[in-house]
Amino acid sequence: MFEQLIQFDHQAFLGVNQGMANPFFDWIMPLLRNRYFWAPLYLFLIIFLVKNYKKNGWICIVFLLITFAIADYFSASVLKHLFERLRPCNEPGFKDEIRLLVACGSGFSFPSSHATNHFGIAMFLITVFHQRWRPIIPLALFWAFCIAFAQVYVGVHFPLDVTTGAIVGCLVGYVTGTIFLTSYMHKTWNTGS
């Protein structure tokens, strides 16, 4: 069963990494996984929260940072060291079959910290804002999916890595978003003050 899952994961990886290869993706996917590419979005989010929600906006930013920290720690420092799965670009007997578009990295692969962190942020924003602004659901999930998909396309993660990262990130984001709303912001968040 486990071997079949790994074999399926390898096939799915090759389907994305090789089967979907095209010049546009070769250009855009390395950008999508680069944290600096998203700096304008993060800056916009900070300005938006502070301008519209003042003190509550700053508290929301702190909770976003806490979400990121928990997701990253759990992914990179707990799960990766527990499973010690090699990246596709480092796996003997497999690394020669892939198209590697970025530096491989020496860390472990499972789960993807990129996927965990970004799905954590996305789910936090969804949990906090979905009743105020319904489009946050598809937009945040699409944003996180693009980053996770790029990890597979460029050759540094298997699909199972990013899928598990997405699940873990969503759990973290939901928990921190719920704590933010219920413990501190429940009474004041809807006032926008």
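General remarks:
- Intensity falloff of the range 55-98 expressed as log10 I(q)/I(0), Debye formula with alpha-carbon point scatterers, at q = 0.24, 0.31 Å⁻¹: -0.80, -0.94
- In sequence order, the range 94-104 has phi-based couplings of 10, 4, 6, 8, 9, 9, 9, 9, 9, 4, 5 Hz under the Karplus curve 6.51 cos²θ - 1.76 cosθ + 1.60, θ = phi - 60°, and Gly or Pro positions carry x.
- Charge dipole of the range 51-116 (Cα centre as origin; +1 on each Lys and Arg Cβ, -1 on each Asp and Glu Cβ, all else neutral): 480 debye, rounded to the nearest 20.
- Rg and Dmax of the range 1-88, Cα atoms only, in Å: 18.7, 53
- Per-residue ³J(HN,Hα) for the range 137-143, Karplus 6.51 cos²θ - 1.76 cosθ + 1.60, θ = phi - 60°, Hz, x for Gly and Pro: 5, x, 5, 5, 5, 5, 4
- By the Stokes-Einstein formula, at 1.306 mPa s and 10 °C, the chain with its Kirkwood radius over alpha-carbon pairs has D equal to 91 µm²/s.
- Table column - 3J(HN,Hα) (Hz), the range 147-164, Karplus curve with 6.51, -1.76, 1.60, x for Gly and Pro: 5, 5, 4, 4, 4, 6, 4, 7, x, 9, 9, 7, x, 5, 4, 6, 5, 5
- The H on the amide N of residue 85, modeled in the peptide plane, is under 5 Å from the matching H of 109, 110, each at least 5 residues off or on a different chain.
- Unmatched cysteines, the chain - criterion: no other Cβ of a Cys under 4.7 angstrom: 60, 146, 170
- Positive-end extreme of charge dipole, the range 1-74 - chosen from 13, 63, 37 (charges on Cβ): 63
- Only Lys, Arg (+1) and Asp, Glu (-1) charged, at Cβ; the chain dipole about Cα centre in debye: 1020
- Kirkwood hydrodynamic radius over Cα pairs of the range 98-160, then Stokes diffusion coefficient at 37 °C and 0.692 mPa s, in µm²/s: 260
- Extreme residue, positive dipole direction of the range 78-171, given options 155, 98, 137 (C-beta unit charges): 137
A short reminder: the numbers here are calculations on the coordinates, not readings from a lab. These numbers were taken from a predicted model, which means no experiment stands behind them. Note: ideal-geometry Cβ built from the backbone for every residue, glycine included; neighbour counts use all protein chains shown.
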